[in-house]
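Values in this text are rule-based calculations from the coordinates and carry no lab data. Given the structure is predicted, the values throughout are model-derived calculations rather than measurements. Cβ placement follows ideal geometry from the backbone for every residue including glycine, while neighbour counts extend to all protein chains displayed.
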Amino acid sequence: MRKLLLTIAALACAGTAHAQQRRDPATVEVVYKVEGMDKVRVLADRRFTAADGQTLAYDAYLPDDGEIEPRAAIVFVGGAPSVRAWRWYQDHGRIAAAQRFVALIPDKRFPRGPEGAAQGIADTADFLRHVAANAKTLEIDPDRICLWVFSAGGRIAALPYRADAPAVDCLIGFYPILDGAAEAMADASARKVPAFVVRAGRDIDVINSGITRFAAAALSANQALTLINLPDADHGFEGLNDTEESRSAMQDAYTFMAKETGH
């Protein structure tokens with residue numbers, strides 16, 4: 001399984017030879033740090049049921065501030081079926097919880113190809129319904145949820161725009177593969193969902209050209225979009241590039257999310 005995860009990561013990622021040598025999202029830390037990351041509550045291996053009856057799992061990261069109140073939530077969607085055990089995503093969960101968000105990292109069926117994208121979207125939609133049904137237990141305000149996608153997880157980015165899917169307040173994408181999202185925005189029934197996308201300048205063309213098409217579609221559909229370009233950044237910059245621009249992109253994403261969720 002470890003070999004499979006690393007193969008998926010290598011296929012989804014591109015950058016300098018030096019970055020490739022360091023790229024292992026199972027062990028790499030996020031360079032952005034906030035106070036209190038080590039003092040959060042973790043609800044691990046929670047279960048939810050997909051529409052076809054398959055049982056999937058997720059981890060929840062909650063603030064440990066002594067307060068029990070409905071909070072804005074972030075659903076982190078990675079580019080593999082399960083990323084909960086990767087240090088990269090555990091850090092993201094802790095960063096979010098330390099800033100008084102609830103972070104959720106769900107599994108999904110996500111084989112390669114069009115069928116995988118459809119299954120991943122369906123499973124993520126089912127997870128959002130599970131969150132709404134269990135919002136009190138998870139200390140979440142179900143009307144204040146943001147979807148944050150990474151790399152191949154960007155294939156789930158069509159979900160927020162679909163009128164038949166659970167609604168979310170915003171979409172964030174870091175170096176995302178945005179196949180399908182531009183088409184979803186072009187549909188006459190598409191929801192209006194503010195998006196914040198960070199482009200890694202040294203990423204592969206198939207990813208960055210997809211971001212260009214997504215931006216053009218957003219403008220055509222009059223969708224709110226904040227697009228940040230990091231010219232010297234690699235795919236996976238927040239774990240690979242220990243730079244001020246990496247940290248600034250993370251902080252800007254949280255500022256955007258706080259505004260859109262009323263955090």
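So, in segment 217-233, of the ones that are surrounded by 13 or more Cβ atoms within 10 Å (Cβ to Cβ) and farther than 18 Å from D252 by Cβ, which residue ends up farthest from the chain's Cα centre (by Cα)?
Only one residue fits best here, namely A221.
Given the structure, is Q90 surrounded by 17 or more Cβ atoms within 10 Å (Cβ to Cβ) and within 19 Å of I140 (Cβ to Cβ)? Lay out the reasoning, then the answer.
Working: surrounded by 17 or more Cβ atoms within 10 Å (Cβ to Cβ): yes; within 19 Å of I140 (Cβ to Cβ): no.
When the stated conditions are applied, Q90 does not pass them.
What number of residues within segment 203-225 are under 27 Å from G93 (Cβ atoms) and in contact with a helix residue (DSSP H, G or I) (Cβ under 6 Å, 6 or more places away or on another chain)?
Selection size over segment 203-225: 2.
Would you confirm whether or not segment 132-147 contains a residue that is in contact with a helix residue (DSSP H, G or I) (Cβ under 7 Å, 6 or more places away or on another chain), in a helix (DSSP H, G or I) and within 22 Å of D52 (Cβ to Cβ)?
No.
Whether any residue in segment 184-192 is over 11 Å from A157 (Cα atoms) and either basic (K, R) or buried (at least 20 other Cβ atoms within 10 Å of the Cβ) (or both) is what I want to check. Walk me through it before giving the result.
If we filter segment 184-192 for residues that are over 11 Å from A157 (Cα atoms), which is where we start, we get 186-192.
Now drop any that are not either basic (K, R) or buried (at least 20 other Cβ atoms within 10 Å of the Cβ) (or both), which leaves 191-192.
Yes.
Looking at segment 231-243, is at least one residue more than 23 Å from Q90 (Cβ to Cβ) and of a type outside the set (S, T, Y)? Reasoning before the result, please.
Step one: of segment 231-243, the residues more than 23 Å from Q90 (Cβ to Cβ) are 231-232.
Right, trim to of a type outside the set (S, T, Y) and you get 231-232.
Within segment 231-243 (the criterion being more than 23 Å from Q90 (Cβ to Cβ) and of a type outside the set (S, T, Y)), the answer is yes, since at least one residue qualifies.
How about segment 59-110: which of its residues are assigned to a loop (DSSP other than H, G, I, E, B) and closer than 18 Å to M37 by Cα?
Filtering segment 59-110 down to residues assigned to a loop (DSSP other than H, G, I, E, B) leaves 64-70, 78-86, 99-101, 107-110.
Answer for segment 59-110, where residues must be assigned to a loop (DSSP other than H, G, I, E, B) and closer than 18 Å to M37 by Cα: D64, D65, G66, E67, R84, A85, W86, Q99, R100, F101.
Output the number of residues of segment 100-152 satisfying the condition of being surrounded by 17 or more Cβ atoms within 10 Å (Cβ to Cβ), among the charged types (D, E, K, R) and without any contact (Cβ under 8 Å) to a residue 12 or more places away in the chain.
Number satisfying all stated conditions: 0.
Just checking, which of V206, V198 is without any contact (Cβ under 8 Å) to a residue 60 or more places away in the chain and surrounded by fewer than 20 Cβ atoms within 10 Å (Cβ to Cβ)?
Working: V198 fails: surrounded by fewer than 20 Cβ atoms within 10 Å (Cβ to Cβ).
None of the others qualify; the one that does is V206.
Tell me yes or no: at least one residue of segment 82-89 is among the polar types (S, T, N, Q) and within 15 Å of V149 (Cα to Cα).
Our first condition is that a residue be among the polar types (S, T, N, Q); within segment 82-89, this holds for 82.
Right, trim to within 15 Å of V149 (Cα to Cα) and you get 82.
Yes, that holds for at least one residue.
Report the residue count in segment 159-169 for those that are surrounded by 24 or more Cβ atoms within 10 Å (Cβ to Cβ), farther than 17 Å from I105 by Cβ and not aromatic (F, W, Y).
So the answer is 1.
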